[in-house]
Amino acid sequence: MRRKHSTSVYQPGLFDSLDDFSERLDPDFEIIPADRMQHIARTFEKPVIIDEMDPLEPNDHVFFMSFGSGSSGNCAYVGDHNSGFLIDAGVDARKVTASLTANGISMERVKGIILTHDHHDHISQAYALLRVNRHMRLYCTPRTFNGILRRHNISRRIKDYHTPVYKEFPFSLGAFEITPFEVMHDGSDNAGFHIAHSGHSITVATDLGCISPRVDHYMRLADTIIIESNYDLHMLQTGTYPEHLKARILAQNGHLDNAMTAGFLAEIATPQLRNVYLCHLSHDNNMPAIALKAVNDALSQALPDSAASIRVVALPRYDSTPLYTL
């Protein structure tokens, strides 16, 4: 039974500024009008080297790679043959650069970083990446950006790279259309992202305590889902975490457990679903084998004829994945 979201009206905090559309935008940034809107799991496939691809191969492929997922640091890449971007920036900048370079992707192709929220494991390397890749931009909501400045010891020069984005307002980044949306977590402001490109539809929601209506809506649009599967309920309840931390994890603005994620995926699964990436697995309260079994069993019951064709991956905590073709 998935945790239901009880809607509430956001009240700005003392230090939260109101959204200001007058903030400077970079030349390539565009707000898209509403009327245009219509390991264990590690695989052993050979990494895709983008620069060595057959020139006759279609150029509408989309690629995905994770550099680390969990409370130790989160960062992933989404891109096509020409450009791409990072989702969060909590993994060592040198590792990100080296992993992309090993797959034939230069940092010149990486146009920016989109941030889900302002927790340390998602933003700690943002300025380190930006200051050595000055062509890149930082895309996040104004409240998330204010939270970064307020809650973290980070250079104020990061302001020079910030482009504000707003929930439910799509924006373009290269050939990608990206729509931020509301998720329930305990950061200053928390966003998931729906990413569209040449018939591909990717929805990302990491760090969330319940399936809110907006999460439900955008997940149903996707053929690739990146979603949290943070903990096994029994492991959490019988583990060594103090009670106040257990309560935080179990809250509606905490984290999702394997059963909630699996049940939700089974509920929305259709034959169009091609990829499921489970992210932010707890080191202490989960195991990749447990999370994968929960999701694979649920999908097999929901789609007995096509579940085997869905790639299900538990993103590793510390290691980079292969470069997946979506």
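Note on region 287-316: among residues that are buried (at least 19 other Cβ atoms within 10 Å of the Cβ) and assigned to a loop (DSSP other than H, G, I, E, B), the one that is farthest from the chain's Cα centre (by Cα) is Ile310.
Residues considered: Ile249, Ile227. Of these, the only one that is assigned to a strand (DSSP E or B), of a type in the set (A, V, I, L, M, F, W, C) and on the phi < 0 side of the Ramachandran plot is Ile227.
When every residue of region 200-208 is checked against the conditions, at least one turns out to be on the phi > 0 side of the Ramachandran plot, crowded, with 21+ Cβ neighbours inside 10 Å and within 15 Å of the chain's Cα centre (by Cα).
In this structure, does Asp284 turn out to be open to solvent by less than 60 Å² (accessible area, probe 1.4 Å), among the charged types (D, E, K, R) and in contact with a Ser or Thr (Cβ under 8 Å, 6 or more places away or on another chain)? So Asp284 fails the test. Of all residues in region 317-326, exactly one satisfies the criterion of being open to solvent by 40 Å² or more (accessible area, probe 1.4 Å) and either over 21 Å from Ser66 (Cα atoms) or in a strand (DSSP E or B) (or both), namely Thr325. In contact with a helix residue (DSSP H, G or I) (Cβ under 8 Å, 6 or more places away or on another chain), modelled with pLDDT of 95 or more, open to solvent by 10 Å² or more (accessible area, probe 1.4 Å) and of a type in the set (D, E, K, R): is that true of Asp232 in this structure? Spelling it out, Asp232 is indeed in contact with a helix residue (DSSP H, G or I) (Cβ under 8 Å, 6 or more places away or on another chain), modelled with pLDDT of 95 or more, open to solvent by 10 Å² or more (accessible area, probe 1.4 Å) and of a type in the set (D, E, K, R).
For Thr144, which of the numbered conditions (1) open to solvent by less than 10 Å² (accessible area, probe 1.4 Å); (2) farther than 15 Å from Gly90 by Cβ; (3) out of contact with any Phe, Trp or Tyr (no Cβ under 6 Å at 6 or more places or on another chain) fails to hold? Just one mismatch for Thr144, condition (2). Being under 19 Å from Ile195 (Cα atoms) and either open to solvent by less than 10 Å² (accessible area, probe 1.4 Å) or out of contact with any Leu (no Cβ under 7 Å at 6 or more places or on another chain) (or both) is true for just one of Leu86, Leu130. Which residue is that? Just one listed residue meets the conditions, Leu86. When region 121-148 is filtered for residues that are in a helix (DSSP H, G or I) and among the aromatic types (Phe, Trp, Tyr), the ones remaining, listed by number, are Tyr127, Phe145.
Buried (at least 24 other Cβ atoms within 10 Å of the Cβ) and either at negative phi or touching a Cys at 6+ places or on another chain (Cβ under 6 Å) (or both): is that true of Pro213 in this structure? Considered against the rule, which asks whether it is buried (at least 24 other Cβ atoms within 10 Å of the Cβ) and either at negative phi or touching a Cys at 6+ places or on another chain (Cβ under 6 Å) (or both), Pro213 comes out as no. Could you list, in sequence order, all residues of region 174-188 that are open to solvent by less than 10 Å² (accessible area, probe 1.4 Å) and touching a Lys or Arg at 6+ places or on another chain (Cβ under 6 Å)? Residues satisfying the conditions are Pro180, Phe181. Among the candidates Tyr166, Tyr241, the residue that is aromatic (Phe, Trp, Tyr), closer than 29 Å to Asp80 by Cβ and not in a helix (DSSP H, G or I) is uniquely Tyr166. When region 260-279 is filtered for residues that are open to solvent by 10 Å² or more (accessible area, probe 1.4 Å) and in contact with a helix residue (DSSP H, G or I) (Cβ under 6 Å, 6 or more places away or on another chain), the ones remaining, listed by number, are Ala266, Ile268, Ala269. The residues of region 182-194 that are of a type in the set (A, V, I, L, M, F, W, C) and under 12 Å from the mean Cα position of the chain (by Cα), listed by number, are Val183, Ala191, Phe193.
The values are calculated or read from the model by the stated rules, or taken from the named source; none is laboratory data. On a predicted model such as this, the values are computed, not experimentally measured, just so you know. Note: ideal-geometry Cβ built from the backbone for every residue, glycine included; neighbour counts use all protein chains shown. For the accessible areas, the whole protein counts, side chains as well, though only heavy atoms, and no ligand, DNA or RNA atoms are used. Shrake-Rupley method; radii C 1.70, N 1.55, O 1.52, S 1.80 Å.
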